[in-house]
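Following: one structure in structure tokens, then a few remarks.
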Amino acid sequence: MAIEYTYYSAADLTTEALRSQVAAVLGGTVTEDGTVVRDGLQTTAYHADPGDEAVAPGLFGFRHRITVRFRFSAVHREFEEHNTALMASVVIGLAGADGVLLFNGEEAVIQVTGGAVIFNAEWDDWAENPETAPLLTQFPSRVLPQPLL
């Protein structure tokens, strides 16, 4: 079973600009259908059309403008720690606007509010991953609101 994270943000980027930024951070390739791929990870990134906004961002207090969905391979787990760090880097790179990174569509693991990136203190994966653990010294962590749980 694949692992999936979804990042919703109020960043006002076009789909093309967003895909380009995600591909640059991930070191990935944009395929013909717009998916950004790298070993062990497929990412879709797009600007939400008016009327197609998700409900979750409003529960976190911001307007939904962009979505980045990270789908980790269940077959190539050897890339998971590195890809998780790259995913966090994508979120940090989009921190100019409010946003939230959700695990499996419901658990907030990173929240961006007022330009501050906040890691969920109750999400042990950040500290256990040697590539993301250093981020906990650079950014605050606290218990995040979980309006979807």
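Read-outs throughout are calculated quantities, based only on the coordinates presented, and are distinct from any laboratory measurement. Please read these numbers as outputs of a predicted model, since none were measured by experiment. Because the Cβ atoms are built from the backbone with ideal geometry, glycine has one as well, and the counts that use them run over all protein chains shown.
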### Message
Please list, by residue number, everything in the range 49-73 whose backbone N is under 13 Å from a paramagnetic label point 7 Å out along Cα→Cβ of residue 4.
### Response
68-73
### Query
Hey, what number do you get for the chain at 222 nm if only DSSP H runs of n ≥ 4 count, each worth -39500 (n - 2.57), divided across all residues, to the nearest 500?
-6500 deg cm²/dmol
### Task
May I have the extent of the alpha carbons of the range 70-129 along their three principal axes, as whole Å values ordered from largest to smallest?
37, 22, 21
### Task
Based on a Kirkwood Rh over C-alpha pairs, give the Stokes-Einstein translational diffusion coefficient of the chain at 10 °C and viscosity 1.306 mPa s in µm²/s.
104
### Query
Hey, how many Å between the Cα centroid of the range 115-136 and the Cα centroid of the range 16-73?
21
